[in-house]
1. Principal axis lengths of the range B:358-443 from Cα atoms, whole Å, largest first?
2. Starting from the alpha-carbon convex hull of the range B:15-145, give the projected area averaged over all orientations, in nm².
3. Specify the inter-centroid distance of the range A:442-495 and the range B:394-429, based on alpha-carbon positions, in whole Å.
4. Which residues' amide hydrogens lie under 5 Å from the amide hydrogen of A:Cys614, considering only partners 5 or more residues apart or on another chain, with H built in the peptide plane?
5. Please list, ordered by chain and number, the residues whose modelled amide H lies under 5 Å from the amide H of A:Ala418; skip anything fewer than 5 residues away on the same chain.
6. For the range B:183-299, report the convex hull volume of the alpha-carbon atoms normalised per residue, in Å³, without decimals.
7. Semi-axes of the range A:431-479's equivalent ellipsoid from the Cα gyration tensor, sqrt of 5 times each eigenvalue, largest first, rounded to whole Å?
8. Sorted from largest down, what three extents in whole angstroms do the Cα atoms of the range A:175-291 have along their principal axes?
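Rule-based calculations on the coordinates, nothing more; no lab input. Please read all numbers here as calculations on a predicted model, not as lab measurements. Reconstructed Cβ throughout: ideal geometry from the backbone, glycine too, with neighbour counts over all protein chains shown.
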Amino acid sequence: MNTVAKIRKPRRRARTVLVYDAKILAKVWRLLPSYIIFLALWSLMWAGIDTAAVYFRNAMFNALDTSDRFMDVAVFIFALALFYLVVFVPDHIYGLILNPILENKLRYRMHAELYRKAQKMDLACYDDPDFYNQFVWAMRESDNRAIAVVRALWNIVNRIISATAISALLLTINVWMGILMMTGVVITLVVDYFGSRLWVKVMEKMNPLWRRESYITRVFNLSDYAKEMRTSDVGDMMTRDCEDTVQELNRLDLKYGKWFTLLYGVGFNLARRGTYYATILIMVFELSAGRVGLGGFAAAVASLWMLQSIMMNLAESLMELPKHALYVEKYFKFLEHENHLVSGTEPVPAFESLTFENVSFTYRSVFTDAEMALAAEIKEFEKRERGKTDTEEEKSPEERPTVLKNVSFTIRKGEKTAIVGYNGAGKTTLIKLVMRLYDPTEGRILYNGRDIREYDLRAYRDRIGAVFQDYRIFAATLGENVMGGGYERTDENESRIREALDSATFTDRLSTMEKGLETPLTREIDKEGVNLSGGEAQKVAIARVFVRPYDLIIMDEPSSALDPVAEYQLNHSILNAADSRDCGREATVIFISHRLSTTRFADRIFLFANGELCEQGSHDELVAMEGKYAEMFRMQAEKYQQGDIPDA
Amino acid sequence: MSTKKKNKRKNDGKKPEKLPLRRVLQNNLFMLGMIRRAAPAYIFIDVILDLLWSVIEFFSGSFLLKVVVDHLGEGGDPVTLAWFILGMFAIHITVFFAQQAFWQIYAPISQRKLYMAIRIALYTQMQAVELSCYEDPAYYEKYVKAMNEAEDRAFNVLWSLERLFGQVFSLIANALLLWSIDPILMLFALIPFGVGFIRKKRNKIAFKENEDIQKLAWKANYIQRGFYLQDYAKEMRLTGMSDKLLHDLDETTVEIERIKRRYGIRTAALDYTARISHEVVTVLGACLYAVYATLVQGSIGVGDCIVVLNSVGSVSGYLQGLVTNLVSFHEHALYIQNLRAFLDYEPAIKENPEGVAANGGEIVVENLRYRYAGAETDTLHGVSLRIAPGEKIALVGQNGSGKSTFVKLLLHLYEPSEGSITLEGVPMDHHTLASWRKSFRPVFQDYSIFALSVAENILMRPLRKDPEGEAADRALVENALRQSGAFERVLKMPHGMDTMLTREFDDKGEVLSGGEAQKIALSRVFASDAPVVILDEPTSALDPVAEYRLFENMMQACADRAVVFISHRLSSAVPADRVYLFEDGRIVESGTHKELMERGGHYADMFRKQAESYRATDAETREEVRA
């Protein structure tokens, strides 16, 4: 009964719910038909068990009314016992062995499908914080929801069968009782409908307040805030805000609690108790009139108890479906999401030149309006579902990358180019365009004079080796981290990996690893794994671009985590390695940085500001130009030049 | 998130602890005490209402059945009975209505009062414990969990308690009913106790199964993150790591299936036995006995027999419910244990009520040592330095050389393992903790922006309430914003300095970029009058021009204040009055920039390397780099 106060349900149009339930059913059927078959069999079996129990009991009571021979009655008890002994065998085999195994298999198949799809998504999707928050991350739930939907559907089927069977039995005892039952059910459903609508309204109001509460808890909980909380009075302000929030929540509870009390305390209450007591009253008069025996009376009451619990359970399953439908809808939206980047078909020749032709770029969401609306709805819903104990930090939406405005330039084979500029100048966006993670809004990008959209996307990207600022080390072996997962363990591959690591100045560290290239990295999976320091990890990431003969190497601020000495050494070796390893073919390298000291050796430097290419040329030319670059360089260098450095 | 990971990791493979009965009792009473203090009437009404509900359930269920059967069996008048039933109906709906009113209106507010009281207690303690607690994984595992669970746990304890009274009543009432009909029937209700060992064994197996699966689930979870998280997305596409991960997932699935099959057979057999013992042996056995007693022995009347047939199942049901509930008290106690340990924890760094107020002056650090809990070696090995009023000090050195640890000790966020920090000759712990910390204004590399207004974020306190104070505060904030270069940005915000930052509280809140946020964090320095300013690499997200301007402003604004500047960019050390070079937790060189350069040690070496590319001409550099 207390659960009545806590039911929370979102409102969804019934048709949408049905459509998506049907879709998920079809999906599960396609992935693992045996799951649905066994679940259906099991569910039908339970409808049978429930019905049989009521009928056996009824028969037993009738026997008690009409006969006084022990065996006439006991035979039904023995029969029911035997029935239970038999049917519980398949029930337990299914419930504890078969079902867990099938569910596990289904989860795997759903996951694998989603993962493959995720792999093919435009990378731009991940840059879209809404996508990240709503679609990808919340997708964790989809397997649970699919299973829940299928279970709920079958539960509804078996409840309806049982309820019908029991109602039929009750009708044979007394028609009025049957009609009463129906009325009770209808009133309960109506009350539930209005109740759930009111809940949606209250939830909408309480949601932001709950969000505040969870934020405040996080501020106290997380170590990120601990230092500042101790060195300032922010804690008092947080407590103050928490108290305000509570006041506001109390106000809402007072306001809406009255309505809920009326709805459930009067409507629901009268319907449910009314049915019960009216049935007993009817039976009392039937009994005293001699139309029903004591046994018949007891059977009716027992059936009534059973029926009420079945109806309760049925209502729960029905109310569950809209909740699941929300997730299911998102799941299909994800699977159906169409990529904006379409691969071309042309094979990709060796790199000669890369040209930007009046390229402009404006960030646009990769989502349709419908997808966004759904995402927003899920976000609200998730908050409501997860409640306040959530400590997972939600990523706040990042700023949209700055647009690029009318950028034109050409990079030729063998050139060392530096792209410099302040944060937010558009450097990283530019690189994403080069790698065709986005397509330009206007203008063209040409590879060997041909629009990159015409090339096969995968082959095109394979030509480019990139190290990003936010590189990742995987929980795999060192060799796999450099070469890619599951590479063939041949001598040739191994020597390539070793060379690459050497070029990234990782050899010293490698010599301390007992298992060499097979050393597992990170402790995420393997407890014996090695955790690399920031600088070491960065070197492993850099080795990735040396292990294959890329035509074009992009270094997106790769040395940011290194201390000055290491940064200095690494810059040397990147250039050396890039040039020497390619059988005479000079590699083309693009460096991105906001530290000018690391890039001044480049053949050409592009200075970006506010999405525009402002200045370009060699370091000397740019300094001579006395423009922005010169100013920026001077400022960075000033402190060093003030310093009185004795001659080396 | 990372702490969450750790928790899960540590949890698997650990046997659930067992608490002595006395402890279980104490812990639950502790929680009840907390509830009683926060919402005294709530606990009382709650228990009474639930008890009332159990009473009404009994009388409207089995008892009503018996009354009807007895009454009519003796040829009683149906109309009298009808009035009785209507009376029951009236009582029933009244109780339910009262319960709804309580649950819908009164309970949420009382619960919130309770949550608030718990939260304030936790927040206060959270603020008091030393920073190193946050860095200790064991701390996180235990206390943060306790903290997250505290509110739910309070509610659960209450719920268990109210159920307890209700269950005991239902059990006794139904048992008495059966007893009055035939005492032998009670034996059947006790059968579930006889097979209790089956449940125990089953739980053990389930625990082991869970343990085995956890390890694999952990791996599957990692793979999932690899595919879903933005951080991995680029490399997943570029390195071909995805095939390996999918392959691993495949193996994991097969392995999980094997485990499920292995354990499934045993759990199925045990569950089957338990189920049969309840449904067949207990319930049907009792039915059989009742029928036998009625028809063969004639010791029970037909009416009573019917009552037995209908309610014998519920007695053993209530009994099982009661047992489960009692066990849950033990579970509550385990969590409350953590909560109590947390609340009772004596912080190592405490407010010193008799301490003197820190008022600025010369700070002398002598032979300071610090070792992190559980570490084998010291992180700081005897650091000595002094900070004179108004002095500009640079702490330089590579990452991990102990600079940040030193700052945390200086702020008394850690308790020194050895050595002393004195202010004007008075040791650190002879000052009040609040005034000590207030004499510093630190800006950390990992500064936070709070979901507060711009002004509050900068003042780190509420604006003063009186008009004069408020105007002064606003002027202070405005000046700080101008100095840090964030003023124009704030002007563009809808409510100026009263604009809410972050979207945590307000969907229309202002979200700042990395550089903007850093400027806001640095504004805190300009708005404070703490005698010592500590800047722990706070300019990393700024572009060079902004960094340069800010640095100039900082020096100007802090002309009469001491500044401790921490960096691995050596250019920032040049104008300092004194430079300390940290290496492996020691100060290896100190002096002015000039002195250190002349000495030609590590500092000079590092400086030269960083300065090189700015100094040499273009051609030279390129040649050298490629050599």
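1. In descending order, the Cα extents are 36, 26, 22 Å.
2. Values: hull surface 52.1 nm².
For the range B:15-145, the mean projected area of the Cα convex hull comes to 13.0 nm².
3. The two parts, judged by their Cα centres, are 46 Å apart.
4. It is A:Leu607, A:Phe608, A:Ala609, by chain and number.
5. The list, which skips near neighbours in sequence, is A:Phe591, A:Arg604, A:Ile605, A:Phe606.
6. Values: hull volume 14.5 nm³, N = 117.
Dividing the Cα hull volume of the range B:183-299 by its residue count gives 124 Å³.
7. Values: eigenvalues 145, 33, 13 Å².
Equivalent-ellipsoid dimensions as semi-axes: 27, 13, 8 Å.
8. If we take the Cα atoms of the range A:175-291, the spans are 84, 22, 18 Å.
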